[in-house]
Amino acid sequence: MNLTERITVNPEICNGKPTLRGKRITVKTILEYVTAGETIENILKAYPVLEEDDIKASLQFAA
């Protein structure tokens, strides 16, 4: 998986924080859900514009 296709940084979106595919959903937000024990399925329900690979990219980015 190419992280640059999933994780984007744009100073005009979310103050330049890493986001998923240019959407206003930060990697940090997804990581907070994961560390709180949420499943991928629940995260995708909360953010239907995301794909499973977005969550996996967030985890890979954090590593």
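Values quoted throughout were computed directly from the atomic coordinates according to the rules given, and no laboratory measurement underlies them. Since this is a predicted model, take the numbers as computed values, not measurements. Neighbour counts run over all protein chains shown; Cβ positions are idealised from the backbone, glycine included.
At-a-glance table
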{"quantity": "Mean separation of Cα contacts under 8 Å (6+ apart) over length of the chain, as relative contact order %", "calculated": "29 percent"}
{"quantity": "Proxy reagent accessibility, fewest Cβ within 10 Å first, across 31, 20", "calculated": "31, 20"}
{"quantity": "Projected label distance in nm at residue 59 and residue 45, using a 7 Å step from Cα toward the beta-carbon", "calculated": "1.9 nm"}
{"quantity": "Ascending count of other beta-carbon atoms within 10 Å, so fewest first, for 49, 27", "calculated": "49, 27"}
{"quantity": "At R0 = 22 Å, FRET efficiency that the Cβ-Cβ distance of residue 34 and residue 5 yields, to 0.05", "calculated": "0.65"}
{"quantity": "Reachable aspartates and glutamates from residue 28, criterion Cα separation under 15 angstrom, eight or more residues apart if same chain", "calculated": "38, 54"}
{"quantity": "Order of 7, 55, 30 under a 10 Å beta carbon neighbour criterion, fewest first", "calculated": "7, 55, 30"}
{"quantity": "Semi-axis lengths, Å, the chain, gyration tensor of Cα atoms, sqrt of 5 times eigenvalues", "calculated": "18, 12, 11"}
{"quantity": "Crossing angle, helix 52-62 versus the chain [Cα axis fit, 0-90 degrees, rounded to tens]", "calculated": "70 degrees"}
